[in-house]
Amino acid sequence: MSSGIESVLTETRVFPPFPNLVEGAAISGMKEYQALCDEARQSPDDFWGRLARENLNWTKPFSQVLDESEAPFYRWFADGEMNVSANCLDKHLATPTANKTALIFEADDGKVTSVTYKELHARVCKFANGLKSLGHQAGERAIIYLPMSIEAVVAMQACARLGIIHSVVFGGFSSKSLHERTVDVGATLVITADEQVRGGKSIPLKNAVDEALSMGGCEAVSHVVVYKRTGGPVQWNEGRDIWMNALSEGQSDQCEPVSLNAEHPLFILYTSGSTGKPKGVQHATAGFLLWALLTVKWTFDAKDSDVFWCTADVGWVTGHTYITYGPLAAGLTQVVFEGIPTYPNVGRFWEMIQRHKVTVFYTAPTAIRSLSKAAEGSPDYHPREYDLSSLRIIGSVGEPINPEAWMWYYTNVGRERCPVLDTWWQTETGAHMITPLPGVTPLKPGSCTLPLPGIAAAVVDEAGEPLESGKGGFLVVQRPWPGMIRTIWGDPERFKKSYFPSELKGAYLAGDGAQCDADGYFWIMGRIDDVLNVSGHRLGTMEVESALVSHSLVAEAAVVGRPDATTGEAVVAFVVLNGPLPEGAEAAKVAKQLRDWVAKEIGPIAKPKDIRFGENLPKTRSGKIMRRLLRVVAQGESVTQDVSTLENPAILDQLSQAW
Ligand code: ATP
Ligand code: MG
């Protein structure tokens, strides 16, 4: 492992916090933030112990905060007992929140249905009783393969209530991916729908389940519960298959939550697969919920009056932490959306913010970049055409947000009065780790700013030694935190090797490159595996990509290295333009313009040798650029790697033409 990464981009814009958001914020002002950081540093056990007692309802109190005896297999609050579903639903029943709207569900076709906390509790209880009646119980694993729906939240919460460990598989995945995950977790139960509806089209889900289960190795699955979404045709396997509504019908709306050990696994979730074979990340009950709830309170400064909308799918960790668990534990009203941002038109997100008076909006850079490109081409659906005055906070997650995309979001969606929260975290971290706080942090476009209280983030070299500011290296977390990954399901060795390599003195290795500036702000430079090495200069992908995106013609860009006889590695850039796909002389002309632009913005060293144009980039189904595939394309080879998580395989051909 070599750690040094050079920083080549300078960003000087700073946006101080808005005074109206500082006042009354959950963490208000830099002094309060510092005090919490100090408390956590001086006495971590007291800090986390206090927060766990204040924020969670325990059925059996814990006597020890952190058990490090088998590090890095850390155990938190390990002799305590509680139930996550009780902490998301039951705790509100004796308060005014009981009759508050919990979920506002907007279907693909625009139809809106909503449920209060009391109603959601009843639905979860009935479904949990139904699962119990089939004989399912704590410790079993359930695969959830559902579209975005109230039912998806009900299914996850019902599992949590009974201690059934869920593993949600995104509805866009094929039967092959579904099969792999079903076998890997050893599922006994699958919860799915007949079909899902996205962008006006129905896509079968139950068929994919049937196919996956017929592939062998899934014999332990005794029941397939099916939510009837469209009434489309399905095959029926008598004795195994059962409709979700039939299962809940007639069941009691009371179901005692199972008192579970704090370390009982809450869920297993596979990572996006941007860098390789997805890992089954295992999270624990109490620590995960504590961190999910605290970050909803701190980062999003949750208010009782908020209408919270996280656009992620529950198939990703963002949908777990910031739809199913954190916001419900905080008693918020939230929007759940079935469809896609471009249907029936590219103004769908903005129209929904207007319709539901959304106050906190949380989405991904890929959506921001593609919607900004679309808005410039379709002025009628530009965010300025909508009333977005309800918004107070806007956030971003999943990838680095390039400074130009940040500025577009800040100006056109936030209208220069909402902070953009660039939240850095991972499936493995459970919830936010490094992020601005609305009442505390001056913002710098392109920086995820400062670690949350209790998070000992640092940038270190390959021996685990902290690097001085401005020097790029490995992003690590030097102390455990409650929301952290517990292990990789079924592969503790891979867990130790991937996240706690012996050189790093017990720190958690995130796998991202980063640097800290003189103000202690973190700048993610890209993934360690993707670092470019040009004539001995190690460059992160983020900065070269941001330079390209800052050119007015460019909507999106990805860069990778290709072996080169003179420079060791040459930079190859894959570019999506704001306009149509260029060809011939036009493509050559734009390619030259962009090469010169990069040379001027960051220096000749980063100048791309090849530029390739495409209508899109290869992305995971969660919208992340897959540079490992682009590396293969850049070398003129055909892709033989695992592409099961790739959204649009056809795009690889288009990108093989060099200019
Ligand atoms: P895999 O681990 O299988 O390659 P993945 O890392 O894409 O998949 P996730 O856990 O969903 O799976 O994503 C976490 C990663 O996303 C981070 O490690 C980082 O590379 C990137 N990321 C997330 N948020 C940000 C952010 N705000 N800024 C920069 N990068 C981010
Ligand atoms: Mg990862």
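The values are calculated or read from the model by the stated rules, or taken from the named source; none is laboratory data. Note that the coordinates shown come from a computational prediction; the quantities given were computed from them, not determined experimentally. Methodologically, a virtual Cβ is constructed for each residue, glycine included, from the backbone with ideal geometry; neighbour enumeration extends over all protein chains shown. For the accessible areas, the whole protein counts, side chains as well, though only heavy atoms, and no ligand, DNA or RNA atoms are used. Shrake-Rupley method; radii C 1.70, N 1.55, O 1.52, S 1.80 Å.
Brief remarks follow.
- Label-to-label distance, nm, for residues given as ALA650 and GLN34 (7 Å Cα→Cβ offset): 5.7 nm
- Dipole magnitude of the stretch 122-221 about its Cα centre (Cβ charges: Lys, Arg +1; Asp, Glu -1), debye to nearest 20: 360 debye
- Remark: relative contact order (the chain) = 15 percent; criterion is Cα-Cα distance under 8 angstrom and separation of 6 or more residues.
- Calculated P(r) tail over 12 Å for the stretch 115-167, as whole % of Cα pairs: 61 percent
- Value at 222 nm in deg cm²/dmol, rounded to 500, when DSSP H runs of n ≥ 4 in the chain each add -39,500 (n - 2.57): -8000 deg cm²/dmol
- Among the trypsin sites (Lys or Arg not before Pro) within the stretch 95-193, those in coil by DSSP and having at most 14 neighbouring Cβ atoms inside 10 Å are LYS111.
- 5 angstrom amide H check on THR230, placed H, neighbours 5+ away: ASP194, GLU195
- Whole-percent carbon and sulfur share, accessible surface of the stretch 531-655, 1.4 Å: 51 percent
- Here's the picture: a label point sits 7 Å out from the Cα of GLN657 along the beta-carbon direction, and within the stretch 612-631 the residues with their amide nitrogen under 11 Å of it are 613-615.
- Percent of alpha-carbon pairs separated by more than 21 Å within the stretch 64-136: 53 percent
- Förster-model FRET efficiency, 60 Å R0, GLU416 and ASN237, C-beta, rounded to 0.05: 0.60
- Whole-number D in µm²/s for the stretch 531-655 (Stokes-Einstein; Kirkwood sum over Cα pairs; 4 °C, 1.567 mPa s): 88 µm²/s
- Computed from phi, the 3J(HN,Hα) profile of the stretch 450-467 under the Karplus parametrisation 6.51, -1.76, 1.60 (θ = phi - 60°) reads 10, x, 5, x, x, 9, 8, 6, 7, 10, 10, 8, 6, 9, x, 8, x, 9 Hz, with x in place of Gly and Pro.
- FRET efficiency estimate (nearest 0.05) - Cβ-Cβ, ALA246 to ALA518, R0 51 angstrom: 0.20
- Coordinate range of the alpha-carbon atoms in the stretch 155-284 per principal axis, descending: 46, 42, 32 Å.
- Of all stretches in the chain that contain no GluC sites (Glu not before Pro) in a DSSP loop with at most 10 other Cβ atoms within 10 Å, the longest one is 469-636.
- Trypsin sites (Lys or Arg not before Pro) restricted to the stretch 202-242 and DSSP loop, no more than 14 other C-beta within 10 Å: ARG240
- About its Cα centre, the dipole of the chain is roughly 500 debye, where the only charges are +1 on Lys and Arg Cβ and -1 on Asp and Glu Cβ.
- The value given for the stretch 175-244 is a Kirkwood hydrodynamic radius of 12.3 Å, derived from the mean inverse Cα-Cα separation.
- Scanning residues 5 or more positions from ILE144 or on other chains, those with amide H under 5 Å from its amide H are SER167, VAL168, VAL169, ILE191, with H placed 1.01 Å from N in the peptide plane.
- Accessible-area composition of the stretch 1-74, carbon plus sulfur, in percent [1.4 Å probe]: 51 percent
- Under the simplified labelling scheme, the GLU465-THR95 pair shows an inter-label distance of 5.0 nm, with each label point 7 Å from Cα along Cα→Cβ.
- Between ALA138 and ARG53, the modelled labels are 2.4 nm apart [label points 7 Å from Cα along Cα→Cβ].
- For the chain, diffusion coefficient by Stokes-Einstein and Kirkwood Rh (Cα), 25 °C, 0.890 mPa s, µm²/s: 97 µm²/s
- Heavy-atom accessible surface of the stretch 131-278: percent carbon and sulfur, 1.4 Å: 48 percent
- The stretch 471-604: C-alpha gyration tensor shape, a/c 1.5 cut-off, then a/b vs b/c: prolate
- Of the chymotrypsin sites (Phe, Trp or Tyr not before Pro) in the stretch 147-237, the ones in a loop by DSSP (not H, G, I, E or B) with at most 15 other beta carbons within 10 Å are TRP236.
- For the stretch 201-346, with +1 on Lys and Arg beta carbons and -1 on Asp and Glu, the positive-most of PRO344, HIS264, TRP309 along the dipole: PRO344
- Modelled FRET efficiency - R0 25 Å, SER222 with LYS111, Cβ distances, 0.05 increments: 0.15
- Partners of LYS600 within straight-line reach, counting lysines whose Cα lies under 27 Å from its Cα and excluding those fewer than 8 residues away in the same chain: LYS373, LYS444, LYS471, LYS589, LYS592, LYS609.
- If you model the stretch 40-179 as an ellipsoid using its alpha carbon gyration tensor, with each semi-axis the square root of five times an eigenvalue, the axes come out at 31, 21, 16 Å, biggest first.
- Solvent-accessible surface of the chain, taken per residue with a 1.4 Å probe and all protein chains present: 36 Å².
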